[in-house]
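Derivation of every value follows stated rules applied to the coordinates shown; laboratory data play no part. All figures in this text were calculated on a predicted structure; none of them were measured in a lab. No Cβ is skipped: glycine too gets one built from the backbone with ideal geometry, and neighbour counts run over all protein chains shown.
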Amino acid sequence: MLLIVVIATSAYVLMFGFPFGFEGKESDFYLPTVKGNNISTYKNSCNELNMSQVSKDPFSLVGQKVKVAGTIQKKEETIQFNKTRTSIVLNVPELSPNPYILVTYSTTMPFKQGNIITVYGEYYYPAKDETMPEIANKELPAIKAAYIEKV
């Protein structure tokens, strides 16, 4: 009987994600993915993330379209809002004192840990990720990505 419960629970989690929800709407965490002819226009609408501004006042750029390049330190795909999503810890050495930016992406992506990517999207702050000891319990800048490309 216990085996049936474990299998049923595992199947539910794989199909629908964990049964507890996030506070907020899907748009609080993700942007729609930019595709096709819209990619060039969207990329041109994003400004290079101002690292010194983020270090001085991380709230000052909230809501702005930005782009930033960095190395994928960690990549995780999970089911949220009944879709597979990607979360990334991006290592950006120019950012201090913590060289990390959290990235959320509304779908899967082919890039892996160690790849250098450029992320285009909307900046927000603060965000947290407790999965890596070096960033646990820290408020970090984040980007809701609309487009990601390998450098």
query = Which ³J(HN,Hα) values, rounded to whole Hz and listed in residue order, are derived for the stretch 72-88 from phi using the Karplus coefficients 6.51, -1.76 and 1.60 in 6.51 cos²θ - 1.76 cosθ + 1.60 with θ = phi - 60°, glycine and proline given as x?
reply = 5, 7, 8, 10, 9, 10, 9, 9, 9, 6, 6, 9, 7, 10, 10, 10, 10
note = Under the Karplus relation with 6.51, -1.76 and 1.60 and θ = phi - 60°, whole-Hz ³J(HN,Hα) for the stretch 89-104, x at Gly and Pro, equal 9, 9, 8, 10, x, 6, 8, 9, x, 10, x, 10, 10, 8, 10, 10
ask   = How high is the FRET efficiency from residue 55 to residue 132, r the C-beta distance, R0 25 Å, rounded to 0.05?
value = 0.80
message = Give me the one-decimal nm value for the distance between modelled label points at residue 82 and residue 115, 7 Å along each residue's Cα-to-Cβ direction.
response = 2.8
request  = Would you mind checking the pairs 112/138; 25/150; 83/112; 65/144; 35/83 and listing those with alpha carbons more than 21 angstrom apart?
outcome  = 112/138; 25/150
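For the stretch 49-120, divide the Cα radius of gyration by the Kirkwood radius and give the resulting Rg/Rh value with two decimals. Don't skip to the answer; put the middle values down first.
Details: Rg = 12.8 Å, Rh = 13.0 Å.
The Rg/Rh ratio comes out at 0.99.
Quick one: pull the percentage of alpha-carbon pairs in the stretch 28-151 with a separation above 24 Å.
Details: 1446 of 7626 pairs.
More than 24 Å apart: 19 percent of the Cα pairs in the stretch 28-151.
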Pairwise label distance in nanometres, residue 98 with residue 25, each label 7 Å out on the Cα-Cβ vector = 2.8
message = With the alpha-carbon atoms as the only input, what is the per residue convex hull volume for the stretch 23-91 in Å³?
response = 131
